[in-house]
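Structure first, then comments.
The values are calculated or read from the model by the stated rules, or taken from the named source; none is laboratory data. All values derive from a computational prediction rather than experimental measurement. Cβ atoms come from the backbone with ideal geometry, glycine included; neighbour counts cover every protein chain shown. Side chains included, ligands, DNA and RNA excluded: accessible areas come from the protein's heavy atoms. Shrake-Rupley method; radii C 1.70, N 1.55, O 1.52, S 1.80 Å.
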Amino acid sequence: MKLVHTIDDLRAALRPYHSPALVPTMGNLHDGHLELVRTAKPLGDVTVTSVFVNRLQFAPHEDFDTYPRTLEADCRKLESVGCDVVFAPSEKEMYPEPQGFKVTPPTELADILEGHFRPGFFTGVCTVVMKLFQCAFSEAKGERFAVFGKKDYQQQMVIRNMVKQFALPITIVGSETQRAPDGLALSSRNGYLSEAERAEAVQLSLALRALGRDALAAADGLERHLPELERRAMEGLAARGWQPDYLTVRRRADLQAPKAGDPLVVLGAARLGKTRLIDNFEI
Ligand code: PAF
């Protein structure tokens, strides 16, 4: 496995190949990330994982400075699942000057849910992902792949739309959410949880599953009953000491409010102590 830190070295490492499969990450890797790499492996003829904590997607009060940087351990894990190239640029390499040009996704997709609670988040994500695509795919002659986790459901949808609207010749592949034995979705931020919080953390997934069941049971009355079901789900978590941002049922196609018969996804984000967790289930 090759570790490179500059865009030039990445391009040189990828030049002999035709069809790269890219896994963008911010490092501090867990088995959920390794599953992205396992998904990427059979897609192209070289698998490249980027490890870069992207300042642009963090608000000033968020955890950019304390986000764990664990490159050595990350490389060992990546090697164990057969990653070929790790691209770990410095901030100066990715943003040698302030990034004035940005990719701003449309408000109807990017200013709801995560984007509502984390203003600017998806602009930061799209900007770095677009740049990572330029770094990883500029030498490719064959099909290009990029793998994103379904845990970040809205992020994956925003990126799919970006790729479509910019006619980028890249196939986006979704990878299933990996879960701990109790059902908690694997996330780098789980590492922030105290022992007691870790035991409680699965309640977000349980609340989402219960909300999903209630939504399906509401059937034709979905539109009428949903606000009350969502309110009850949020109150249930709040009563356990969480601070929920949203627990909601949306239609899968565009994450807008659903009508009866739409394919649905239930999504949620809530803070437990200082840690903000997200999860979702297609129902
Ligand atoms: O999902 C993440 O880890 C990040 O948002 C991504 C896609 C690597 C962009 O920084």
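Quick look at the values:
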item	result
Hull-based mean projected area of the stretch 67-182, where the convex hull spans the alpha carbons, in square nanometres	9.4 nm²
From phi via Karplus (6.51, -1.76, 1.60), per-residue ³J(HN,Hα) for the stretch 52-61 in Hz, x at Gly/Pro	7, 7, 8, 3, 4, 9, 9, 6, x, 8
Relative contact order (%) - criterion: Cα under 8 Å, at least six apart; region: the chain	18 percent
Distant-in-sequence amide H partners of Leu264 (H built 1.01 Å from N, under 5 Å)	Arg252, Ile283
J(HN,Hα) series, the stretch 9-16, from Karplus relation 6.51 cos²θ - 1.76 cosθ + 1.60, nearest Hz, glycine and proline x	5, 5, 4, 5, 5, 8, 3, x
222 nm mean residue ellipticity, helices alone, for the chain (DSSP H n ≥ 4; -39,500 (n - 2.57); rounded to 500)	-11500 deg cm²/dmol
Size-normalised alpha-carbon gyration radius of the stretch 233-283, reference 2.2 N^0.38 Å	1.24
Degrees between helix 121-137 axis and first principal axis of the chain (Cα, 0 to 90, nearest 10)	30 degrees
Intensity falloff of the stretch 118-160 expressed as log10 I(q)/I(0), Debye formula with alpha-carbon point scatterers, at q = 0.18 Å⁻¹	-0.58
Residue among Thr123, Thr47, Thr66 with the largest mean-square fluctuation in a Gaussian network model of the chain, springs linking Cα atoms under 10 Å	Thr66
Size of charge dipole - the stretch 38-92 - debye, nearest 20, with Cβ of Lys, Arg +1 and Asp, Glu -1, no other charges	120 debye
Å² of accessible area per residue within the stretch 47-198, as computed with a 1.4 Å probe and no ligands counted	48 Å²
Two-decimal Rg to Rh for the stretch 47-92 - Kirkwood Rh, Cα set	1.03
Extreme residue, positive dipole direction of the chain, given options Leu208, Ile112, Ala21 (C-beta unit charges)	Ala21
Charged-residue dipole, Cβ positions (Lys, Arg, Asp, Glu), the chain about Cα centre, Debye nearest 20	260 debye
Under 21 Å from the Cα of Lys77 - lysines, other chains or at least 8 residues apart	Lys2, Lys41, Lys150, Lys151
Considering only the chain, percent of DSSP beta bridges that pair antiparallel, nearest 5	45 percent
Accessible surface of the chain [probe 1.4 Å, protein heavy atoms]: carbon and sulfur percent	52 percent
For the stretch 24-112, the Rg and Dmax computed from alpha carbons only, in angstrom	15.0, 40
Highest-fluctuation residue, Pro16, Pro169, Pro181 considered, GNM on the chain with Cα pairs under 10 Å	Pro181
Backbone N under 19 Å from the Glu108 label point (7 Å along Cα→Cβ), restricted to the stretch 251-283	251-260, 262-265
Point-charge dipole on Cβ atoms (K/R +1, D/E -1) for the stretch 12-122, about Cα centre, debye to 20	240 debye
Degrees, to the nearest 10: 71-80 long Cα axis against longest axis of the chain	90 degrees
Estimated translational D of the stretch 184-283 in µm²/s (Stokes, Kirkwood radius over Cα pairs; 25 °C; 0.890 mPa s)	179 µm²/s
Shape parameters for the stretch 133-212, alpha-carbon atoms, Rg then Dmax in Å	16.9, 51
Inverse mean reciprocal Cα-Cα distance (Kirkwood Rh) of the stretch 204-256, Å	11.4 Å
Whole-Å semi-axes of the ellipsoid equivalent to the stretch 95-251 (Cα gyration tensor, √5λ, descending)	33, 19, 16
Between helix 203-218 and the chain: long-axis angle, C-alpha atoms, 0 to 90°, nearest 10	60 degrees
Local net charge near Lys131, Cβ-Cβ under 11 Å (Lys/Arg +1, Asp/Glu -1)	0
Inverse mean reciprocal Cα-Cα distance (Kirkwood Rh) of the chain, Å	19.7 Å
Residue (of Ala196, Ile170, Ala269) at the positive-pole extreme of the stretch 148-283, dipole from beta-carbon charges	Ile170
Within the stretch 137-179, backbone nitrogen closer than 12 Å to the virtual label 7 Å beyond the Cα of Ser19 toward Cβ	141-145, 171
